[in-house]
Amino acid sequence: AQSVTQLGSHVSVSEGALVLLRCNYSSSVPPYLFWYVQYPNQGLQLLLKYTSAATLVKGINGFEAEFKKSETSFHLTKPSAHMSDAAEYFCAVSDRDFGNEKLTFGTGTRLTIIP
Amino acid sequence: ETGVTQTPRHLVMGMTNKKSLKCEQHLGHNAMYWYKQSAKKPLELMFVYNFKEQTENNSVPSRFSPECPNSSHLFLHLHTLQPEDSALYLCASSLEAREGEQYFGPGTRLTVT
């Protein structure tokens, strides 16, 4: 069964500092991986996705994530945090093969930006 | 604007009430989903519809009854709910069923009293 683990339910960084949100996955087949963001009082919005092409994936709002098979990780980074990045971030995994095409979400990481 | 709208945005209902949540997508997608989002728990997939046909019922209690009259509209009918059903209910759509790139509505915040 596939799963994702997000390390740290809350992360605080100063404005202008590096943002690093951690995600580790477990999957029996090569996974598709996603990061979604949820702003207050809104639904989830896709930030970026990995679908077995380039291991470094660039998304919206300056975010990027690197797929590392050896570490089963898909951490999300942004070089310089902005106040508008304050939100909850969800990592998700999808097995697209063998008929098991379920999208499984992590428990989320709430990002706080310190002025 | 995500292209997926949900009404109402907030709903308070008693345990004996019957209410419905509505979702509409304007993206031309063929698949629609209902998720339940509770505090400190992973997003829970409830139902999946592909071309108006239900393809997944993720062991959801019968007090939740989905309806998909066409590929653009999805309803969740609620009756005799429990306080633990209080949560944010999110609707999503995707081009194909089970595709990871899903587009979410803003959700309905449901409180069961």
Expressed as a percent, the accessible surface of chain B that is carbon or sulfur, using a 1.4 Å probe and the full set of protein chains, is 50
Estimated dipole of chain A in Debye, rounded to 20 [Cβ of Lys and Arg +1, of Asp and Glu -1, Cα centre]:
80
My understanding is that a pair violates if its Cα-Cα distance is over 24 Å; which of A:49/B:19; A:58/B:36; A:102/B:40; A:58/B:40 do that in this structure?
A:49/B:19; A:58/B:36; A:58/B:40
Charge dipole of the protein assembly as shown about the Cα centre (unit charges at C-beta), most positive-ward option of A:43, B:104, B:88
B:88
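Magnitude of the Cβ-charge dipole of chain B, K/R +1 and D/E -1, about the Cα centre, nearest 20 debye?
For chain B, the charge dipole is close to 480 debye.
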Can you give me the long-range amide H partners of residue A:87? Hydrogens built in the peptide plane at 1.01 Å from N, cutoff under 5 Å, separation of 5 or more residues or another chain.
A:111
Distance histogram for chain B (every C-alpha pair counted, 5 angstrom bins, percent rounded to whole numbers)
2, 13, 25, 27, 19, 10, 4, 0
Sequence of B:29, A:10 from largest to smallest accessible area, 1.4 Å probe:
A:10, B:29
Residue-wise, which Karplus ³J(HN,Hα) couplings in Hz belong to the stretch A:58-67, taking 6.51 cos²θ - 1.76 cosθ + 1.60, θ = phi - 60°, and x for glycine or proline?
9, x, 7, 6, x, 7, 8, 9, 10, 7
Hey, can you rank A:46-58, A:29-41 by average C-beta count inside 10 Å, highest first?
A:29-41, A:46-58
Which of the residues in the stretch B:64-100 lose at least 40 Å² of accessible area when you go from the chain alone to all protein chains together (probe 1.4 Å)?
B:98, B:100
Å² per residue, accessible surface of the protein assembly as shown at 1.4 Å
47
In chain B, which cysteines lack any other cysteine Cβ under 4.7 Å from their own?
B:68
Considering only B:28, A:86, A:16, whose Cα is most displaced toward the positive end of the charge dipole of the protein assembly as shown, charges sitting on Cβ of Lys, Arg (+1) and Asp, Glu (-1)?
A:86
Positive-pole candidate from B:38, B:3, B:55, dipole of the stretch B:2-60, charges at beta carbon:
B:38
Mind telling me which of A:59, A:43, A:16 comes out most flexible in a GNM of chain A, alpha-carbon contacts under 10 Å?
A:43
Over the Cα atoms of chain A, each weighted equally, I'd like the Debye log10 I(q)/I(0) at q = 0.11, 0.20 Å⁻¹, rounded to two decimals.
-0.33, -1.04
Please compute the average number of Cβ atoms from other chains found within 10 Å of each residue's Cβ in peptide B:103-109.
4
Karplus (6.51, -1.76, 1.60) ³J(HN,Hα), θ = phi - 60°, over the stretch A:12-27, in Hz, Gly and Pro reported as x
10, 9, 7, 4, x, 8, 5, 9, 9, 10, 9, 9, 10, 10, 9, 8
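The values are calculated or read from the model by the stated rules, or taken from the named source; none is laboratory data. Worth saying up front: this structure is predicted, and the values here are computed from it rather than measured. Every residue, glycine among them, receives a Cβ derived from its backbone with ideal geometry; neighbour counts consider all protein chains shown. Areas reflect the complete protein model, heavy atoms only, side chains present, ligands, DNA and RNA absent. Shrake-Rupley method; radii C 1.70, N 1.55, O 1.52, S 1.80 Å.
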